[in-house]
1. Specify the residue that is nearest to the chain's Cα centre (by Cα); the eligible residues are those in region 8-17 that are among the small types (Gly, Ala, Ser) and surrounded by 10 or more Cβ atoms within 10 Å (Cβ to Cβ).
2. Quick test for you: out of Ser63, Ser53, Ser69, pick the one residue that is in contact with a helix residue (DSSP H, G or I) (Cβ under 7 Å, 6 or more places away or on another chain), surrounded by 10 or more Cβ atoms within 10 Å (Cβ to Cβ) and among the small types (Gly, Ala, Ser).
3. What residue, among those in region 5-24 that are in a loop (DSSP other than H, G, I, E, B) and of a type in the set (A, V, I, L, M, F, W, C), is modelled with the highest pLDDT?
4. Go through Leu86, Leu34, Leu29 for me and flag whichever is more than 18 Å from Ser3 (Cα to Cα), loosely packed, with under 13 Cβ neighbours inside 10 Å and among the aliphatic types (A, V, I, L, M).
5. With respect to Asp40, determine if the residue is over 16 Å from Phe20 (Cβ atoms), surrounded by 13 or more Cβ atoms within 10 Å (Cβ to Cβ) and free of Cβ contacts under 8 Å to residues at least 40 places away in the same chain.
6. From the list Leu108, Leu86, Leu37, pick out the single residue that is within 24 Å of Phe15 (Cβ to Cβ) and of a type in the set (A, V, I, L, M, F, W, C).
Amino acid sequence: YGSELSSLGLSIESFGENTFIIRSVPALLKNSDLRGLVRDIVSEIRESGTEKSLSEKIDTVISTMACHSSIKANYELDPEKMKALLRELDRAQFPHSCPHGRPVARELSYTDIERMFKRT
């Protein structure tokens, strides 16, 4: 899948049975866990075997890349970055879940918040 990954900006080469060399990654992923990313990509491709088409495998790789480049829990953001993220979320085609289907936000009613702080 080297040429397909290369078209996504990833250059990964096999370097033995269980070792890979990362030659290049998209700038978007420069600060992500590259070891984890490659492990996840290789795992996804191996596990899907012939069940998925190449297009489906590439979609899975793109989803994995998106998750690895996302802002993680407990990451401190300044107010401007928060506003920018909310504007981007508002423009997203599928704003309610990440590429893997997990929710990105949750609606809390006033009653829910009161219950969380034991006010009811």
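1. This residue is Gly9.
2. Exactly one of Ser63, Ser53, Ser69 is in contact with a helix residue (DSSP H, G or I) (Cβ under 7 Å, 6 or more places away or on another chain), surrounded by 10 or more Cβ atoms within 10 Å (Cβ to Cβ) and among the small types (Gly, Ala, Ser), namely Ser69.
3. Across region 5-24, the extreme among qualifying residues is Phe15.
4. Testing whether each residue is more than 18 Å from Ser3 (Cα to Cα), loosely packed, with under 13 Cβ neighbours inside 10 Å and among the aliphatic types (A, V, I, L, M) leaves just Leu86.
5. no
6. So the residue among Leu108, Leu86, Leu37 that is within 24 Å of Phe15 (Cβ to Cβ) and of a type in the set (A, V, I, L, M, F, W, C) is Leu37.
The values are calculated or read from the model by the stated rules, or taken from the named source; none is laboratory data. These figures come from a predicted structure and were not determined experimentally. Here Cβ is always computed from backbone atoms with ideal geometry, including for glycine, and neighbour counts include all displayed protein chains.
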